[in-house]
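Before any comments, here is the structure.
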Amino acid sequence: DAKTTQPPSMDCAEGRAANLPCNHSTISGNEYVYWYRQIHSQGPQYIIHGLKNNETNEMASLIITEDRKSSTLILPHATLRDTAVYYCIVRVGGGADGLTFGKGTHLIIQP
Amino acid sequence: DAGVIQSPRHEVTEMGQEVTLRCKPISGHNSLFWYRQTMMRGLELLIYFNNNVPIDDSGMPEDRFSAKMPNASFSTLKIQPSEPRDSAVYFCASSFARDRQFFGPGTRLTVL
């Protein structure tokens, strides 16, 4: 799986959009971008994933650049409950193997 | 659905004792994963099963660790004998048809 690079921490004001970047310059054509988050003391939680088109669900939006070398996870209206570590993971689509977690971004939502 | 169920939630044991962690995946899921999380190493995949068959156990630290999945609704991770460096949070996750993974709440293991 391709390696990803994320900033170690970010702050965002409550109610604002939180934009979390991820670099994956070595991504292969058959690899998807997945985002998970881990709220303190809980198990990781799936957020969203995509191949090359932008994706949106009830939790977030995922913007992938045209060259697919980077992406941004957007939480449109961040709340205090969104404070968590966010992991960007690149893996082959349909892969049944495990996830390789990096250090992620610790997002802190400020009141 | 109750989600992935893990037991116990907390385990404190003494070095040398056997520890067994249990996991019940989401009904209908055919893949099961065991992960370990420590401050030093982060989240690591230990082993995963597809259709109850172990596929990759390359993440298991050493022979003291073993995992089984006797049926589609139950899996165990056993450490024998346990050591202080095994102290960590152990997560179980399950998925269906190679889709997203659903994680359990974890078991916090402390080996004294």
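The values are calculated or read from the model by the stated rules, or taken from the named source; none is laboratory data. What you see is a predicted model; the values in this text were computed from it and never measured. Quick reminder, even Gly has a Cβ in these numbers, built from the backbone with ideal geometry, and neighbours come from all protein chains shown. Protein only, heavy atoms only, side chains kept; ligands, DNA and RNA dropped before computing areas. Shrake-Rupley method; radii C 1.70, N 1.55, O 1.52, S 1.80 Å.
Report whether or not A:ALA60 is at pLDDT 95 or above, open to solvent by less than 30 Å² (accessible area, probe 1.4 Å) and over 21 Å from B:PHE103 (Cβ atoms).
No: the conditions fail for A:ALA60.
When both residues are 6+ apart or on different chains and their Cβ atoms are under 6 Å apart, which pairs have a first residue that lies in segment B:58-83 and is touching a residue at least 60 places away in the same chain (Cβ under 8 Å), and a second that is part of a loop (DSSP other than H, G, I, E, B) and of a type outside the set (Lys, Arg)?
Listed by first residue and then by second, the contacts come to B:GLN80/B:GLU18; B:PRO81/B:GLY16; B:SER82/B:GLN17; B:GLU83/B:MET15.
Residues are listed down the side, and each one gets a yes or a no for (1) under 19 Å from A:LEU99 (Cβ atoms); (2) among the aromatic types (Phe, Trp, Tyr):
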site	(1), (2)
B:VAL4	yes, no
B:PRO8	no, no
B:CYS23	yes, no
B:GLU44	yes, no
B:MET60	yes, no
B:PHE74	no, yes
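Name the strands (runs of 3 or more DSSP E) wholly within segment B:1-103 that hold at least 3 residues that are open to solvent by 50 Å² or more (accessible area, probe 1.4 Å)?
The qualifying strands (runs of 3 or more DSSP E) are B:10-13, B:53-56, B:65-71.
Would you check which residues across segment A:81-111 are within 8 Å of another protein chain (Cβ to nearest Cβ) and either charged (D, E, K, R) or more than 24 Å from A:ASN30 (Cβ to Cβ) (or both) and list them?
Correct list: A:ASP97, A:LYS103.
Would you call B:ARG108 open to solvent by 60 Å² or more (accessible area, probe 1.4 Å), within 14 Å of another protein chain (Cβ to nearest Cβ), in a strand (DSSP E or B) and touching a His at 6+ places or on another chain (Cβ under 9 Å)?
yes
Of the residues that make up segment B:56-65, is at least one out of contact with any Pro (no Cβ under 9 Å at 6 or more places or on another chain), of a type in the set (Lys, Arg) and modelled with pLDDT of 95 or more?
No - not one qualifying residue is present in segment B:56-65.
Among the residues of segment A:78-103, how many are open to solvent by 10 Å² or more (accessible area, probe 1.4 Å) and within 24 Å of B:LEU32 (Cβ to Cβ)?
Residues that pass the stated criteria total 11.
Listed here are the residues, each with its yes/no results for (1) surrounded by 20 or more Cβ atoms within 10 Å (Cβ to Cβ); (2) closer than 20 Å to A:ARG16 by Cα.
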site	(1), (2)
A:HIS40	no, no
A:PRO44	yes, no
A:ASN53	no, no
A:THR72	no, yes
A:PRO76	no, yes
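Of all residues in segment A:49-61 being under 12 Å from the mean Cα position of the chain (by Cα), within 18 Å of A:THR79 (Cα to Cα) and not polar (S, T, N, Q), which is farthest from the other protein chains (Cβ to nearest Cβ)?
A:ALA60
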